[in-house]
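Following: one structure in structure tokens, then a few remarks.
The values are calculated or read from the model by the stated rules, or taken from the named source; none is laboratory data. Values in this document were obtained by computation on a predicted structure and should not be read as measured data. No Cβ is skipped: glycine too gets one built from the backbone with ideal geometry, and neighbour counts run over all protein chains shown.
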Amino acid sequence: MLGIGAYRPQRVVSNAEVCELLDSTPEWIFERTGINNRRWISGDETIRSIAAAAGERALKNTPIDPTLIGAVILCTSSWLKLTPHGAPSVASDLGLNGVAAFDLTSGCGGFGYGLGVAADLIRAGSADYVLVIGAETMTVGLDKSDRGTAMIFGDGAGAVVVGPAEENGISPTVWGSDGENAEAIAQNLDFQAFQTRAQELQGTDPAVEPVGQMSLRMEGPKVFRWAAVTLPRALSAALDASGVAKEDIEVFIPHQANARINELMKKNLGLADNIPMANDIENTGNTSAASIPLAMEEMLVTGKAKGGQLALLLGFGAGLSYAGQVVVLPPAPSETSF
Ligand code: UT7
């Protein structure tokens with residue numbers, strides 16, 4: 001990873017504000033998730049604008065000519081249309097019109113998948129440099145009264161430029177999925193059901209909203225249990241695949257789903273107490289596929305981590321899927337999201 005950039009939406013939303021619509025308390029939210037604040041898009045911020053803003057910063061923070069970028073991978077579950085997908089528009093906003101550009105949807109594990117694909121594209125010679133963007137606007141379609149999701153999710157975007165190196169800086173990806181339990185994190189309606197419901201409601205009662213709300217549902221405790229069993233094994237496998245000893249890991253950057261899951265993973269893996277672990281969730285919330293590059297940026301900007309250090313990454317979520325690697329961290333960015 002040669003450079004990193006991120007974008008945090010302007011609007012900061014506290015637990016107290018979330019509790020204006022949600023039957024919960026700021027204390028409960030912090031105690032059970034580790035979240036105090038999250039960012040929500042506002043004004044003219046959109047999934048497209050925040051993805052491009054993060055990508056632009058990553059390009060500015062990377063000492064290469066941007067025209068060398070051969071592919072843009074947009075890791076997201078928030079792009080509002082399946083057709084056209086988002087990456088070509090974002091690439092064009094970045095002055096990269098014409099490059100290979102595709103979306104990668106793998107829930108909160110999306111950035112890990114995208115990083116793995118980018119590294120493999122470069123190793124195979126399909127591209128020299130790849131821009132990987134994780135961007136989410138989780139609040140579009142968030143049911144702000146749903147106790148299982150409303151307090152957790154936030155919006156944001158992070159991006160890295162991946163390129164060739166003398167020494168391997170991204171280990172083989174360790175990844176997997178559990179489709180038997182995929183419904184544990186799911187939209188309440190698919191497009192067809194949404195359309196049917198819209199037709200059913202049309203003209204029945206003027207007081208009824210013309211369409212049902214399409215929103216995300218999560219069986220939190222079930223996901224938590226899956227994470228507790230599956231992820232420590234995934235982390236060990238990532239270390240084995242990288243050939244790096246646990247003792248040599250200098251930074252731990254797991255997906256920011258829940259601070260309690262991360263503490264458990266760190267403990268179960270046996271990482272030393274003094275290894276810095278990302279805790280961007282406290283003020284950014286869970287930003288799904290954007291959380292790892294956002295957390296990485298925060299650690300580099302604040303000095304909790306340094307460019308060149310060895311970091312263990314693990315993304316996980318919908319699918320239920322996960323993807324992790326051992327990486328060499330990019331240099332601290334000069335253009336930051338703070
Ligand atoms: O990013 C994708 C991957 N996602 C994850 O990894 C998420 C994993 N899961 C979680 O983070 C947690 O399961 C949640 C934060 C979603 C929920 O926390 P929990 O500790 O698992 O709560 P719970 O659902 O087991 O509920 C515990 C108690 C219940 O009350 P009783 O039965 O003990 O009296 C719930 O009714 O907390 C209550 N509760 C709430 N109280 C206030 C559940 N949700 C809320 C809420 N506010 N929002």
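Quick notes on this one:
- Among the residues of the range 26-54, those identified as under 16 Å from the mean Cα position of the chain (by Cα), of a type outside the set (A, V, I, L, M) and under 19 Å from D280 (Cβ atoms) are R38, R39, W40.
- Residue, nearest to V140 (Cα to Cα), within the range 16-43, restricted to residues that are buried (at least 17 other Cβ atoms within 10 Å of the Cβ) and of a type in the set (D, E, K, R): R39
- Within the range 28-48, restricting attention to residues that are of a type in the set (A, V, I, L, M) and within 14 Å of the ligand (Cβ to nearest atom), the residue that is nearest to F153 (Cα to Cα) is I35.
- So A119, is it touching a Ser or Thr at 6+ places or on another chain (Cβ under 8 Å), at pLDDT 95 or above, farther than 23 Å from S171 by Cβ and not aromatic (F, W, Y): no
- Scanning the range 260-276 for residues that are surrounded by fewer than 21 Cβ atoms within 10 Å (Cβ to Cβ) and within 16 Å of the ligand (Cβ to nearest atom) turns up R260, E263, L264, K266, N268.
- Test result for R197, of a type in the set (D, E, K, R), at pLDDT below 95 and within 11 Å of the ligand (Cβ to nearest atom): no
- Looking only at the range 151-171, residues that are away from the ligand (no atom under 14 Å from the Cβ) and assigned to a loop (DSSP other than H, G, I, E, B) come to 8 in all.
- Of all the listed residues (G86, G55, G43), the sole one being farther than 23 Å from E335 by Cα and not assigned by TED's automatic domain parsing to the domain that holds E298 is G86.
- Checking each residue in the range 107-145 for being over 21 Å from T67 (Cβ atoms), surrounded by fewer than 24 Cβ atoms within 10 Å (Cβ to Cβ) and among the hydroxyl-bearing types (S, T, Y) picks out T139, S145.
- Selection within the range 182-193 - within 16 Å of the ligand (Cβ to nearest atom), crowded, with 16+ Cβ neighbours inside 10 Å and not in a strand (DSSP E or B): A184
- Residues of the range 234-257 satisfying the condition of being assigned to a helix (DSSP H, G or I) and more than 16 Å from the ligand (Cβ to nearest atom): S236, A237, A238, L239, D240, A241, S242, K246, E247, D248
- Selection of the range 58-116 for residues being assigned to a loop (DSSP other than H, G, I, E, B) and of a type in the set (A, V, I, L, M, F, W, C) yields I64, W79, L80, L82, L94, L96, V99.
- Residues that are part of a helix (DSSP H, G or I) and modelled with pLDDT of 90 or more, drawn from the range 200-231: G220, P221, K222, V223, F224, R225, W226, A227, T230, L231
- Filter result for the condition that a residue is under 21 Å from the mean Cα position of the chain (by Cα), under 27 Å from V162 (Cα atoms) and surrounded by fewer than 20 Cβ atoms within 10 Å (Cβ to Cβ), over L104, L68, L80: L80
- In the range 26-55, the residues that are over 30 Å from G95 (Cβ atoms) form Cβ pairs under 6 Å with partners that are hydroxyl-bearing (S, T, Y), at six or more places apart or across chains, as follows: N37/S14.
- For V12: the one exception among (1) under 20 Å from the mean Cα position of the chain (by Cα); (2) within 14 Å of the ligand (Cβ to nearest atom): (2)
- Cβ-Cβ distances below 6 Å connect no pair with a first residue in the range 178-192 that is more than 15 Å from W226 (Cα to Cα) and assigned by TED's automatic domain parsing to the domain that holds A323, a second residue that is surrounded by 15 or more Cβ atoms within 10 Å (Cβ to Cβ) and of a type outside the set (F, W, Y), and a separation of six or more residues or different chains.
- Screening E247, E282 for residues that are in contact with a helix residue (DSSP H, G or I) (Cβ under 8 Å, 6 or more places away or on another chain) and among the charged types (D, E, K, R) leaves exactly one candidate, E282.
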